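Each remark here refers to the structure printed beneath this line.
The values are calculated or read from the model by the stated rules, or taken from the named source; none is laboratory data. The structure presented is a predicted model; accordingly, all values stated were derived computationally and were not measured. Cβ sites come from the backbone with ideal geometry, for glycine too, and all protein chains shown count toward neighbours. Each accessible area value is taken on the protein alone, full model and side chains, heavy atoms only, with ligands, DNA and RNA left out. Shrake-Rupley method; radii C 1.70, N 1.55, O 1.52, S 1.80 Å.
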Amino acid sequence: MEKENGTREKNPGLSRLEQAPYSCREGKDGRVTVLRWGRAAKELGGVASLKFLRAARGAEPEALQPLLAQVTGHFKRGNER
């Protein structure tokens, strides 16, 4: 959630992925940019972008958030593979 002054306020009732911090956009050249809170976190190209797009197409928004988190590589904790 974003306030008018541009700062984010935390919602204590939702987990981090339920707040939907991730989004992605596909470029004309086939590259995929993964965004976290509106800032670029990872850029995929070539085979990696094709694999991601194949997995992401038709996915529900709730299922897409863990996939985007895994692609960034910064959030592998615990038993996540």
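Quick look at the values:
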{"read-out": "Cβ-Cβ under 7 Å pairs, at least 6 apart or on other chains, the stretch 21-47 side farther than 18 Å from Leu64 by Cα, far side open to solvent by 40 Å² or more (accessible area, probe 1.4 Å) and of a type in the set (D, E, K, R)", "value": "Gly45/Arg31"}
{"read-out": "Filtered residues of the stretch 1-47 (kept if of a type in the set (A, V, I, L, M, F, W, C), over 13 Å from the mean Cα position of the chain (by Cα) and modelled with pLDDT of 90 or more)", "value": "Val47"}
{"read-out": "Residue in the stretch 39-54 that is farthest from Gln19 (Cα to Cα), counting only those that are open to solvent by 60 Å² or more (accessible area, probe 1.4 Å) and not in a strand (DSSP E or B)", "value": "Val47"}
